[in-house]
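Written out below as structure tokens is the structure these notes cover.
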């Protein structure tokens, strides 16, 4: 089946992947762009899984000072090689993470970094708020509050400010698949004048 070059171009623009990857996915999906996207996403997750055991000791520290100089951010983003650290796509990713931290003010990178104290305090508040609920309703409400807490406080769980339909974890997976190396957001610090 001959795939229209406009569809290949559209898929490439929407995914940011190479022409050959897009063409191959469209061939396998018989020209269906949505099926091709699903195939590419699945392949990207496979690449991320393969890279997860590798070490990312290189990278950059990106910075951003918000207009007016009232908020500043430093973010360390790691990769496997200095070649990738100089890559425009990688550096753009790091800059976007800086913008995310400025806009969304997360407290940590991943769930495992949430302090036990902060989580215990939040749970105590939720228990009081939900004291009138019972059984499954209460449990479901607590799970919802916990998920919302993660979306607010954990960088990887937040909606990406430039594309809210994906999380920062989705964005990280996408960049890892496109670059072909393990990419990791190691840490960040955010300063706000007077805070």
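Given a Förster distance of 45 Å, report the FRET efficiency between residue 192 and residue 142 from their Cβ-Cβ distance, rounded to the nearest 0.05.
FRET efficiency, residue 192 to residue 142: 0.90.
Summing -39500 (n - 2.57) over the DSSP H runs of n ≥ 4 in the chain and dividing by its residue number, what mean residue ellipticity at 222 nm do you reach, to the nearest 500 deg cm²/dmol?
-17500 deg cm²/dmol, from helical runs alone.
Averaging over every viewing direction, what projected area does the convex hull of the Cα atoms of the chain cover, in nm²?
14.8
Tilt of helix 88-104 relative to the longest C-alpha principal axis of the chain, in degrees (0 to 90, nearest 10)?
Roughly 20 degrees between the two axes.
For the chain, with a Gaussian network of springs between Cα atoms less than 10 Å apart, report the residue from 129, 28, 80 with the top mean-square fluctuation.
Comparing 129, 28, 80 in the GNM, the peak value goes to 129.
Between 99, 146, 172, where does the largest GNM mean-square fluctuation fall for the chain, given springs only between Cα atoms within less than 10 Å?
146
Does anyone have the angle between helix 168-179 and the longest principal axis of the chain? Alpha-carbon axes, 0 to 90°, nearest 10?
Orientation of helix 168-179: about 30 degrees from the principal axis.
Which length gain, in nm to one decimal place, applies between residue 83 and residue 6 when the Cα-Cα distance is subtracted from 0.36 nm times their residue separation?
24.5 nm
Points 7 angstrom from Cα along the Cβ direction at residue 38 and residue 152: gap in nanometres?
3.5
Given the options 86, 138, 151, which has the most mean-square fluctuation in a GNM of the chain, springs set between C-alpha atoms less than 10 angstrom apart?
138
Which FRET efficiency, nearest 0.05, do residue 129 and residue 105 yield, Cβ-Cβ r, R0 22 Å?
Working: r = 23 Å, r/R0 = 1.03.
Efficiency, rounded to the nearest 0.05: 0.45.
At residue 27 and residue 65, where each label point lies 7 Å from the Cα along Cα→Cβ, what is the point-to-point distance in nanometres?
Simple spin-label model gives 5.2 nm for this pair.
Can you give the angle from 0 to 90° between the axis of helix 19-28 and the longest principal axis of the chain, with both taken from C-alpha atoms, to the nearest 10?
The angle comes out at about 90 degrees.
Values quoted throughout were computed directly from the atomic coordinates according to the rules given, and no laboratory measurement underlies them. Note that the structure is a prediction, hence the values are computed from the model and not measured. Methodologically, a virtual Cβ is constructed for each residue, glycine included, from the backbone with ideal geometry; neighbour enumeration extends over all protein chains shown.
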